[in-house]
Structure formats: structure tokens, C-alpha cells
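Quick notes on the structure that follows.
Throughout, read-outs are computed from the coordinates displayed, never taken from laboratory work. Small disclaimer: the values here were computed from a predicted structure and weren't measured. Glycine also receives a Cβ, built like all others from the backbone with ideal geometry; neighbour counts cover every protein chain displayed.
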Amino acid sequence: MERTFVLVKPDGVQRGLIGEIIARLEGRGLKLVAAKFMAVSKELAERHYAIHKGKSFYDGLIRYITSAPVMAMVWEGPNAVALVRQTMGATRPHEAAPGTIRHDFALTVGRNLTHASDSVENGIKEIELWFSPGELVAWVRASDEWIFEDN
Ligand code: DAT
Ligand code: MG
């Protein structure tokens, strides 16, 4: 089953939106596999955002993501990567569709509340970077057959 890595970034934590964001993913039917509330070291931030190194917003991005705790999570489901990106909305909140988290709660690209993996391959890499294998919980959810089945 496909997995994706999700962060509630420091603005989401500071604004008390952890529960709202989790509720939207849970409500959609995605299954939680791992979660931890944690401070982010500069080293972890730099590895996570290595792809953006050298861009104009990179230094600010590293400062932002290390400025307060984050809620790091792994979510699972069919097409989890695309589903979660859709629920988050476009990177720039003024382009995010109504009903998405970034539309409903964010105004600027620099405080857009969440991170979600942009491909299955990056999801695998990010999960490996943020979680040890023992932190991923294998469990059967009672509702799986009512949500995951395609017939
Ligand atoms: P996403 O988080 O939607 O995957 P991304 O990977 O392109 O977007 O960029 C990572 C984060 O960097 C993004 O959530 C916010 C920040 N960012 C991206 N472009 C930016 C810009 N032009 N100015 C300021 N911050 C930016
Ligand atoms: Mg990205």
C-alpha cells in the first residue's frame, strides 16, 4: 500500500492546527502509520530540503522549519501521495483550491502549514529520513475493507 510523508510545519503547530490537519486526513480515509511531535535540527532540515539548496528562499525555509516543533507523520492508502497533495492544496495558498488546507488556513507560501511528499519515490526517501523502521506501525484497521477496497 502506498505511503506518504507529512509534516505539520511550525506555523501549523503554533496556530493549533495539528488536530484539524490530522482530522482531514483521517476523514478522507487515509490510515496513520507513524507520528511524532519533535523539534527539527538544522541538519535534518537541510537534508529534508536539500533539493531547494541554493534557491532564494532556502535560508528562510530552514529557519522557519527549525523555529518550533513539527508533527511528523506517515499516512497510507491507495494513491496516498496524490491524495494528500490534493488535500494540502497548491504550494502558493492563493492558488490552492477552496476546501484544501492551504486555501482554508494559509495566506503565504512562506507559512503554508504543511509538507507532503511529491512522489512515491520521495515519500520512501523522506519516511526513511524522518523515521526508523521500528517507528512504523503495522496494523489492521477495522474499516480498511470499507475504505480501501476497489472491488
Ligand atoms: P511543496 O511544499 O508544495 O512541496 P516545494 O517543494 O516547491 O513546495 O517548496 C517547499 C517549501 O518551500 C514550500 O512549502 C514553501 C517554500 N517555498 C517554495 N517556494 C517558495 C517561494 N517562492 N518563496 C518562499 N518560500 C517558498
Ligand atoms: Mg515539495
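The table below lists the values:
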| item | result |
| --- | --- |
| Environment charge at GLY110 (Cβ cut-off 15 Å; Lys +1, Arg +1, Asp -1, Glu -1) | +4 |
| In order through region 107-118: 3J(HN,Hα) via Karplus (6.51 cos²θ - 1.76 cosθ + 1.60), integer Hz, x for Gly, Pro | 10, 10, 5, x, 9, 9, 6, 9, 10, 9, 3, 9 |
| Charge dipole (debye, nearest 20) of region 12-102; +1 at Cβ of Lys and Arg, -1 at Cβ of Asp and Glu | 100 |
| Mean ellipticity per residue at 222 nm, deg cm²/dmol - from DSSP H runs of n ≥ 4 across the chain, formula -39500 (n - 2.57) | -10500 deg cm²/dmol |
| Under Karplus coefficients 6.51, -1.76 and 1.60, residue-wise ³J(HN,Hα) of region 59-73 in Hz, glycine/proline x | 4, x, 5, 5, 4, 4, 6, 9, 7, 6, x, 10, 10, 9, 9 |
| Cα gyration tensor shape for region 96-151, rounded if a/c is under 1.5, else prolate or oblate | oblate |
| Gyration tensor verdict on region 42-101 (Cα atoms; rounded if a/c is under 1.5, prolate if a/b is larger than b/c, oblate otherwise) | prolate |
| Check: region 61-151 dipole with +1 on Lys, Arg Cβ and -1 on Asp, Glu Cβ, in debye | 620 |
| Reach of LYS55 by Cα under 19 Å, taken over lysines that are not fewer than 8 positions away in the same chain | LYS42 |
| Charge sum, other residues only, whose C-beta stays under 14 Å from LEU30's C-beta, Lys/Arg counted +1 and Asp/Glu -1 | +2 |
| Radius 13 Å from Cβ of ALA50, net charge of other residues (Lys, Arg +1; Asp, Glu -1) | +2 |
| Amide H within-cut-off set for SER117, under 5 Å, with H built and near neighbours excluded | PHE5 |
| Of the chymotrypsin sites (Phe, Trp or Tyr not before Pro) in region 83-148, those whose Cβ has at most 11 other Cβ within 10 Å and which sit in DSSP loop | TRP139 |
| Label-to-label distance, nm, for residues given as ALA142 and LYS53 (7 Å Cα→Cβ offset) | 4.8 |
| Three semi-axes of the equivalent ellipsoid, the chain, Cα gyration tensor, whole Å, largest first | 25, 18, 14 |
| For ASP104, ASP11, order by how many other beta-carbon atoms lie within 10 Å, fewest first | ASP104, ASP11 |
| Loop-resident sites, region 1-95, for trypsin sites (Lys or Arg not before Pro), counting at most 12 other Cβ within 10 Å (DSSP) | LYS53, LYS55 |
